[in-house]
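The values are calculated or read from the model by the stated rules, or taken from the named source; none is laboratory data. No experiment lies behind these values; they were computed from the predicted model shown. In this analysis, Cβ positions are derived from the backbone assuming ideal geometry, glycine residues included, and neighbour counts consider all displayed protein chains. Surface accessibility is based on the protein's heavy atoms, side chains included, excluding ligands, DNA and RNA. Shrake-Rupley method; radii C 1.70, N 1.55, O 1.52, S 1.80 Å.
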Amino acid sequence: MNLITPEKTRDAARLVRRGAMFPLDVQLGFVDPPFFDRGLPRHTLIERRPGRTFDDAYDNLFPQASSQWDSLAHVAARPEQFYNGATRAQIRAGERNTIDHWARRGIATRGILLDVSERVSERGGPGESVAVTAADLDEARDRAGVEFEPGDVMLVRTGFLSWYGDQSRESRVRMSRRESTAAPGLERSESMAEYLWNAHVVGVASDTVGLEVWPGEEDPGPFGSLHRILIGLYGLAIGELWQLDELARDCRADGRYDVFLTSAPWNFPGAIGSPPNALALK
């Protein structure tokens, strides 16, 4: 995130020409049931003074159950070794790597949309475990006519979330179980890690379950988990379950795939994840 300088934000703001806005968070509770044993939020309406004042309360709210940022406290590079030497004790105390460190500054930078949904469909579809390769990303980048610049956020559309919205309740329940989850995502490979490093992006967000392909080999080697590399070693923000369909349609229509991206994570001390509260502006 240190690559988002005031100059970077100023230049990204110049991408706004039409005043078109695209919210990138899905509706809370849209992913139902949530993946990976997370819970649904409970919303209680509180009428303080009948006919005059309403408040509300939220319970059982898992930030990682819907559109989210994963902070640098989410996954360690290896046991007891979080990004930049942060310790488990420091994270539990909220001293380092938690989401509020980003929230206190805010995120406003250039976003690049890479639409790989056609390649995913060719290889089995968004309901299958399809690995998106570095070559796929670069093909989408070339097709979009953009070049990466330091401080960008990469937005990767696989088509998963729009496909998920059309599934039956029975199918959603089945795929929510960890042993039954299958979703497209970034390939767990050295070439993918190298590609993202060389792009100098500050974050990668996708419309799929876990950014990386699922299921995949969760082995102790360096590429058994992209989360360990991207969060634990690189210090990149990871976004999951972002709604990119409307933005993708607009990008196809006007031929512009770079946007002014803003995000205001929760300023909650010690929090690990947060809804992105993200907007793409063109």
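Which count do you get for residues in the range 49-64 that are surrounded by 10 or more Cβ atoms within 10 Å (Cβ to Cβ) and either small (Gly, Ala, Ser) or in a loop (DSSP other than H, G, I, E, B) (or both)?
Selection size over the range 49-64: 3.
List pairs: first in the range 18-37 and in contact (Cβ under 8 Å) with a residue 24 or more places away in the chain and at negative phi, second in a loop (DSSP other than H, G, I, E, B) and of a type in the set (A, V, I, L, M), Cβ under 7 Å, 6+ apart or cross-chain?
Hits for this filter: Leu24/Leu244; Val26/Leu241; Val31/Leu241; Asp32/Leu40; Pro33/Leu40; Pro34/Leu40; Phe35/Val209.
Taking the range 8-46 as the region of interest, how many residues are open to solvent by 50 Å² or more (accessible area, probe 1.4 Å) and among the polar types (S, T, N, Q)?
Of the residues in that region, 2 qualify.
Can you run down the residue pairs with Cβ atoms below 8 Å, 6 or more apart or on separate chains, where the first is in the range 248-266 and farther than 12 Å from Phe22 by Cβ and open to solvent by 50 Å² or more (accessible area, probe 1.4 Å) and the partner is acidic (Asp, Glu) and assigned to a strand (DSSP E or B)?
From the range 248-266, the pairs are Arg252/Asp115.
For the condition of a type in the set (Ser, Thr, Tyr) and over 19 Å from Ile238 (Cβ atoms), what is the one hit in Ser129, Ser162? I'd like the intermediate steps shown before the answer.
On the way: Ser129 fails: over 19 Å from Ile238 (Cβ atoms).
After applying the criteria, what remains is Ser162.
Here are some conditions: (1) of a type in the set (A, V, I, L, M, F, W, C); (2) free of Cβ contacts under 8 Å to residues at least 60 places away in the same chain; (3) open to solvent by 10 Å² or more (accessible area, probe 1.4 Å); (4) in a helix (DSSP H, G or I). Leu230 meets all but one. Which one does it not meet?
(3)
Against the condition buried (at least 19 other Cβ atoms within 10 Å of the Cβ), among the β-branched types (Val, Ile, Thr) and within 30 Å of Lys282 (Cβ to Cβ), how does Val75 come out, does it pass?
No: the conditions fail for Val75.
In this structure, does Ala108 turn out to be modelled with pLDDT of 95 or more and farther than 27 Å from Ser71 by Cβ?
Working: modelled with pLDDT of 95 or more: yes; farther than 27 Å from Ser71 by Cβ: no.
Judged against the criteria, Ala108 is not a match.
Could you look through the range 156-200, keep only residues that are farther than 17 Å from Val132 by Cβ and hydrophobic (A, V, I, L, M, F, W, C), and pick out the one that is nearest to the chain's Cα centre (by Cα)?
Met175
Which of the residues that make up the range 185-211 are outside any loop (DSSP other than H, G, I, E, B) and open to solvent by 10 Å² or more (accessible area, probe 1.4 Å)?
Answer for the range 185-211, where residues must be outside any loop (DSSP other than H, G, I, E, B) and open to solvent by 10 Å² or more (accessible area, probe 1.4 Å): Glu190, Ser191, Glu194, Tyr195, Trp197, Asn198.
Which condition number in (1) on the phi > 0 side of the Ramachandran plot; (2) open to solvent by 70 Å² or more (accessible area, probe 1.4 Å) is the one that Arg123 fails?
Answer for Arg123: the failing condition is (1).
Okay, residues lined up against (1) at negative phi; (2) without any contact (Cβ under 8 Å) to a residue 12 or more places away in the chain; (3) touching a helix residue (DSSP H, G or I) at 6+ places or on another chain (Cβ under 9 Å):
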{"residue": "Glu190", "(1), (2), (3)": "yes, no, no"}
{"residue": "Ala193", "(1), (2), (3)": "yes, no, yes"}
{"residue": "Leu196", "(1), (2), (3)": "yes, no, yes"}
{"residue": "Ala199", "(1), (2), (3)": "yes, no, yes"}
{"residue": "Val204", "(1), (2), (3)": "yes, no, yes"}
{"residue": "Leu211", "(1), (2), (3)": "no, no, yes"}
{"residue": "Phe223", "(1), (2), (3)": "yes, no, yes"}
{"residue": "Leu226", "(1), (2), (3)": "yes, no, yes"}
{"residue": "Leu236", "(1), (2), (3)": "yes, no, yes"}
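May I ask you to list the residues in the range 131-144 that are surrounded by 15 or more Cβ atoms within 10 Å (Cβ to Cβ) and touching an Asp or Glu at 6+ places or on another chain (Cβ under 9 Å)?
As a first pass, look at the range 131-144 and keep what is surrounded by 15 or more Cβ atoms within 10 Å (Cβ to Cβ): 131-134, 136-137, 139-141, 144.
Matches in the range 131-144: Ala131, Val132, Thr133, Ala134, Asp136, Ala140, Arg141, Ala144.
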